[in-house]
Amino acid sequence: MSKQASVKKHTEPLIHITKRTNISPLRAILIRAIAVLSSFIIMALLMFLLTKENPITLITSMFQGAFGTSLRTWVLFSDTAILLGIALALTPAFKMKFWNCGGEGQVMVGSLVAAMMMFFVGDSLPFPLLILLTLLLSTAVGGLWGVIPAFFKAKWNANETLFTLMMNYIAIQFVTYFLKLFGNAQGNLDPMLQFAIPKIFNGPYFLNILLILVICAIMYVYLRFSKQGYEISVVGESERTAKYFGINVSRVIIRTMVISGALCGLIGFLLVANGSCSVTTTIAGGRGFTAILVSWLGKFNPIYMILTAFLVVFLQRGTSFTGEIYRLDTSMADIFIGAVLLFIIGCEFFINYKINFRKRDKEGK
Amino acid sequence: MTLITFLVSAIKFGMVLLFGSTGETITEKSGHLNLGLPGIMCVGTACGCIAEAIFFDLVGGRRGMENLAFLAVLIPILATLIGGALMGLIFSFLTVTLHANQNVTGLAMTTLGVGISDFLIASVDGYKFTAGAKFFNTSLPFADDLGAFGKLFFSYGIMIYLSIAVAIATSLVLNRTKVGLHLRAVGENPATADAAGINVTKYRYVATCTGSAIAGLGGLMFVMDYLNGNWEYVIDAIGWLCVALVIFTTWKPVFGIFCSIVFGAFYVAAEYIPGISLASKEIFKMLPFLVTIIVLIMISVKNKKENQPPASLGQSYFREER
Amino acid sequence: MNTVALELKNISKKFGDKYANKNVSLTLHHGEILAILGENGSGKTSMVNMVAGIYYPDEGEIFVDGNPAVITSPKDAFGYKIGMIHQHFKLVDVFSASENIVLGIKEPGKFKLSEVDKRVAEITQKYGFQLNPQKKIHEMSVSEKQTVEIVKVLYRGADILILDEPTAVLTPQEIEKLFEILRRMRDDGKSIIIITHKMNEVLSLSDRVAVMRKGEHIATVETKNTNEKELTEMMMGEKVELNIERSEPKNLVDRLVIENICSKNEEGLPVLNNVSFTARGGEILGIAGIAGSGQRELLESIAGLLPLESGSIIFNRPKKGLPVSFYHKSFTEVLALAEQGKFHYEDGTPVSFDGMHHAQIRELVNEGKILFNEDDVTNLRDKTPLEIRELGVRLAFVPEDRLGMGLVGNMDIVDNVMLRSYRRGKSVFLDRDNPHDLAMHLIKELNIVTPDEHTPVRKLSGGNIQKVLVGREIAAAPSVFMAAYPVRGLDINASYGIYNMLNKQKEQGVAVIFVGEDLDVLIELCDRIVVIASGEITGIVDARSTTKEEIGLLMTKNRLEGGSENE
């Protein structure tokens, strides 16, 4: 009698969660699509409540904002390129499980160096030499900014997330210092447009897009087909395995972060020399952080990242435009992007884990 | 006297940070590295300001507020706590229940939080919550009579004392109570805590929500007290400063009182050094971050167990099925 | 009064479709020490885990003090005053002993650590533990950590204590101290279950011994009425015929000569103590021992992953009288060796290259006219895995944790196959063509079941993962092949597949080192068997003439004081 009672008392939890070992790619895409769609619906509802406009009109206006004119389309793709560029720069670090949250700072020092070069030696150097030198220095300093945390990680295992975050703020203060010293009364540096890279087509856009597509291809090849890329993957998966197969883990960490930082520096250079021709503390505009999400959502795959970067920039530009038209605050874009990202992040759970409901029929006996 | 004003200013700014770092410390003690802190502080602050503005309307403007000074302080505080806790809840749901990556979730939370707060603030008239600032500013009546001593210790609004009280209380709870012991165990070694019968999920949820709620108060104090009720779009930057401060305090809230004043001093120092150029001031503002990096390096090099981040910081816990 | 503290009745537990325990019935009296003896995988741990609430039995009942008990969690177990001390400690490093002890207990009243300290001190005093309640775990030795675990259980008021191989991590002196304490607890009326492999401990400590084999309870006997031989026979059981093919070793050469190697773990305890043996090309050398006796450390030290305190690992290339070639030696190395007088001509006259043209020398070497004077000998000690490989020593290693060290779970078969070889060539790019061919070859040859060669190995079954690993190692054409538990978790067919592969290696003159747990397999597969216990070699036996009992006795032999037997 007591046995019967005792057996019944012991029940498994109603729901238990197990790791999925296999999921078809189609299903994974479907889950992500549902997540994006639900976040869209929620945001459309929210916007509808705020504006009382037909949601379809709202969505149309988002597309208007993104693709409405040829200039808008150019800007859309150019912005996508820049965001993608930063994400590409961060990706090798992430593949190595090194949380480089310092993209913002690494971009900023690249921009700062570029602006300083124009400001100090711009007049005394022939233009091609100036650009070349600036490019080299920007990348070098970006690399330096990346390698400092890497060194301490490799040597003493200092927490890289926190270290790279702090490096961002040091970069900001350097920029502010520079602006206060040499900027105008408002603390801005007047654009030195005479040093801009000559326009191709109708602006700086084409060059950005072209260059970053090239970098994207190179990065894809580097990670997938080069020996160094292979080492990065092995270190990221298991340091023990890496060591057993004779990979020098510290060297890989440092080398990878030089590349990561240098590429950020290069983007910083582009933002100045092929963009504003000036520097501000918001030149990276939070893209150092957004790029982390782009890279992560793109599964650290440069090709997928084109899509995720595009999604983010599309949302940014589309929502800002809609917001302006219907006199919503510009912050709507941030909210929208944040919500979409959180939905996608959350839906990964349903891809990686399986929820099992306990079957109740067992107790019939 | 400049030394006194300098210290007063350092303490004021420092206590803003103390809220944030105490909140983040509670969160991190549970093993959560919440990089959404800047966004969470923004939302908490905005909720407080909105509540104050609504209160302003309800009681019929400034005069009504005068009569209910106590509520004019309490209501925004409560609203901030709720706003922060709700954000913490979202973060916990994603990272604990859905096992999402903490760094990525945190950064998305920051984007979302900054957006929400900007949106909220844009939707109210600033003067309505600015009107409440004086209640936050009110210092103890006898502060002026005690000269420099009085100024240094009693010339502040209620929030400063609250932040110190919260830091001390947090430290007591963490180090002297069973709840604190269990929380630290969860952050250090969730598997062991789980085996000992501690509900890891519950502790992570509660710690993150509590921490987020407290952190929000930092933003509220910054706007209502430090800036006299004027909203500035820099609360996220303060949030990052708080994340840095947690490292500087080596995860000890009471030590954090001292550390936050040092941080505050670094931050405001430039204003009080005579003859310093506008530009060099910016170099001073670099100090908190520089010092944090040095501390980070030092604790890594020394590798002393007592000063390390909680061992499971940043890692999700999933009890594998057997 | 009931004298039975704990009773298991017909307990069965299955994992998958394999019985971990089958129909186990067992009793534990008040105030006694019951030793549980059995080989690896005999179901000891899974049985006590059911008593401790880690697993729940599929069938059968548990009675505590004569009343039926439902134990679904460690918490339930504590409710019945049952506490288990696991082999792997569950402690928070930065906490003090007291903090760890009190963790998770719900007590009424105010929480005060000083009170806990006091009560911990009372317990330690009562039974004679040496423990400072305020000491932090990370400052403690293993023995102190174990003490914390035991006190933790006593603090919760346990009357039944279960210790899972408590002596494995202790020094002889610490073991003696622990036993004294356990005896004192027994005299205090506590009931103690202790799992151990060491025969002398069983005999000196326990009141009764329960022997387990293959998940079943064989018998429980009074310790004073039994002896080592009887227990070993019960534990090992009858020899099972497996019919593994075994060829006679041919052309044996001393390939790897291990001499007196010693190594200590982080706690400063010896894990390898004066280990010496020779692995010969053309035979399979088995290594038998209780799990965790130093097998892992032994293989890792050979593979260049574990620093040694002393001793040498000599890799031997029998070259005496054989022609020099440029295959293993570069031109400059040949010049240097000639300088040292290491070569002679076919007629025995010493070689001197003085005044010769390079082309002339090359021709002489290529025609095989230059012969070695002596064997080519390399000491592998303190070399990194990469250095070992660069010396031209081809070691194959199938480690215990396949996915943590041998393979990368998230990479596909092709990428895993090239872990060893990806550096080949000067190009900055990987050559995936050859690894791809090899992967396809392995899939076909070894019947690896996989959707395709680009499936992450993590998604394959255990047997197929092992095939990828073993296949890759064999493809490297090794001269020494080390495998740790290569058939663990594999079904019968897969296991025989692995045995065949090892045999083939042996026939090709490779020195195979096989660490195994199933004695039947070791006896039928290997040519010689090295038995290791507590990091020391307790015997080297001929597999064709030995018995399970002989190996069993050697395996359970206690640590020798000073290790004098080898001399």
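The values are calculated or read from the model by the stated rules, or taken from the named source; none is laboratory data. What you see is a predicted model; the values in this text were computed from it and never measured. Virtual Cβ from ideal backbone geometry, glycine too; neighbours counted across all protein chains shown. Areas reflect the complete protein model, heavy atoms only, side chains present, ligands, DNA and RNA absent. Shrake-Rupley method; radii C 1.70, N 1.55, O 1.52, S 1.80 Å.
Okay, here's what the table says:
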read-out	value
Accessible area of segment C:284-401 belonging to carbon and sulfur atoms, whole % at 1.4 Å probe	50
All Cα pairs of segment C:72-214, percent lying beyond 28 Å	16
Under 21 Å from B:K12, Cα to Cα: lysines that are on another chain or at least 8 residues apart	B:K134, B:K151, B:K252, B:K281, B:K285
Net charge dipole size for segment A:74-325 [Lys, Arg +1 and Asp, Glu -1 on Cβ; Debye, nearest 20]	740
Global size of chain C as Cα Rg and Dmax, reported in angstrom	27.9, 100
Listed residues B:L278, B:L98, B:L18, most fluctuating in chain B (Gaussian network, C-alpha, under 10 Å)	B:L278
DSSP H segments from chain C that extend 24 Å or more along their own axis, Cα-based, with Kyte-Doolittle mean of -1.0 or above	none
Contact order normalised by residue count of segment C:320-374, Cα under 8 Å, 6+ apart, percent	56
Shielded by partner chains, segment B:291-307 residues - at least 40 Å² of accessible area, 1.4 Å probe, vs chain alone	B:I293, B:L296, B:I297, B:S300, B:V301, B:K305, B:E306
Most positive-pole-ward Cα, B:G239, B:T250, B:N228, against dipole of chain B from beta carbon charges	B:T250
For segment C:4-236, share of DSSP beta bridges that run antiparallel, in % to the nearest 5	60
Two-decimal Rg/Rh across the protein assembly as shown, once Rg and the Kirkwood Rh are taken from alpha-carbon atoms	1.01
Whole-Å distance, taken between Cα centres, linking segment C:302-326 and segment C:51-100	50
Whole-percent carbon and sulfur share, accessible surface of segment A:143-275, 1.4 Å	65
In Å, descending, principal axis extents of the Cα set of segment A:126-265	57, 35, 23
More than 22 angstrom apart: percent of Cα pairs within segment B:138-294	55
Anisotropy class of segment C:391-540 from Cα gyration tensor, a/c 1.5 cut	prolate
Along each principal axis, Cα extent of chain B, largest first, Å	65, 47, 37
Part-to-part distance (alpha-carbon centres) for segment B:195-251 and segment B:289-317, which is given in Å	19
Segment B:196-268 - accessible surface per residue (Å², probe 1.4 Å)	28
Equivalent-ellipsoid semi-axes of segment C:320-374, from the Cα gyration tensor, Å, largest first	14, 12, 11
Relative contact order [Cα under 8 Å, 6+ residues apart], chain A, whole percent	34
Point-charge dipole on Cβ atoms (K/R +1, D/E -1) for the protein assembly as shown, about Cα centre, debye to 20	2380
Residues losing 40 Å² or more accessible surface upon assembly, segment A:219-247, compared with the chain by itself, 1.4 Å	A:R224, A:F225, A:K227, A:Y230, A:E237, A:R240, A:T241, A:Y244, A:F245, A:G246
Prolate/oblate/rounded call for segment C:408-476, Cα gyration tensor, a/c under 1.5 rounded	prolate
Degrees separating the helix A:227-237 axis from the principal Cα axis of chain A, which is the longest one	40
For segment C:320-374, accessible area per residue (1.4 Å probe, heavy atoms of protein chains only), Å²	65
Shape category assigned to segment C:274-385 from the gyration tensor of Cα positions, a/c cut at 1.5	prolate
1.4 Å probe, heavy atoms, protein only - residues of segment B:89-131 losing at least 30 Å² accessible area vs chain alone	B:L94, B:L98, B:H99, B:N101, B:N103, B:V104, B:L107, B:A108, B:T111, B:L112, B:G115, B:F119
Rounded Å value of the spacing that divides the Cα centres of segment C:221-259 and segment A:156-171	57
Buried solvent-accessible surface, both chains (B, A), 1.4 Å probe, Å² to nearest 100	4100
Protein accessible surface hidden between C and B, which excludes ligands and nucleic acids, total in Å², probe 1.4 Å	1700
Selection from C:N366, B:L181, C:L298, by position along the positive dipole direction of the protein assembly as shown (Cβ)	B:L181
Candidates A:G122, A:G187, A:G142, ranked by Gaussian network fluctuation over chain A, Cα under 10 Å, top entry	A:G187
Net charge contributed by nearby residues that have their C-beta within less than 15 Å of B:I299 (K/R +1, D/E -1)	+3
Residue-averaged [θ]222 nm for the protein assembly as shown, counting only DSSP H segments that reach four residues, each worth -39500 (n - 2.57)	-17500 deg cm²/dmol
Highest-fluctuation residue, A:L50, A:L311, A:L189 considered, GNM on chain A with Cα pairs under 10 Å	A:L50
Longest exposed-site-free window of chain B, the sites being GluC sites (Glu not before Pro) in a DSSP loop that have at most 16 other C-beta atoms within 10 Å	B:1-231
Bridge type composition, the protein assembly as shown - antiparallel percent by DSSP, nearest 5	65
Dipole in debye (nearest 20) - chain B, about Cα centre, beta carbon charges: Lys, Arg +1; Asp, Glu -1	760
Relative contact order, percent, chain B [alpha-carbon distance under 8 Å, six or more residues apart]	37
Proximal charge balance of B:A72 [Cβ under 11 Å; K/R count +1, D/E count -1]	0
Accessible solvent surface per residue of segment C:148-213, calculated while the other protein chains remain in place, 1.4 angstrom probe, Å²	28
Of A:K52/A:K354; A:K19/C:K81; C:K13/C:K118; A:K155/A:K227; A:K19/C:K44; C:K145/C:K383, pairs whose Cα-Cα distance is over 32 Å	A:K52/A:K354; A:K19/C:K81; C:K13/C:K118; C:K145/C:K383
Accessible area buried at the A-C interface, both sides summed, 1.4 Å probe (Å², nearest 100)	2800
Too-long pairs where the Cα-Cα distance tops 26 Å, listed order kept, from C:K135/C:K177; A:K180/B:K302; A:K97/B:K305	A:K180/B:K302
DSSP-assigned coil residues among trypsin sites (Lys or Arg not before Pro) in segment C:298-343, each with at most 15 further Cβ atoms within 10 Å	none
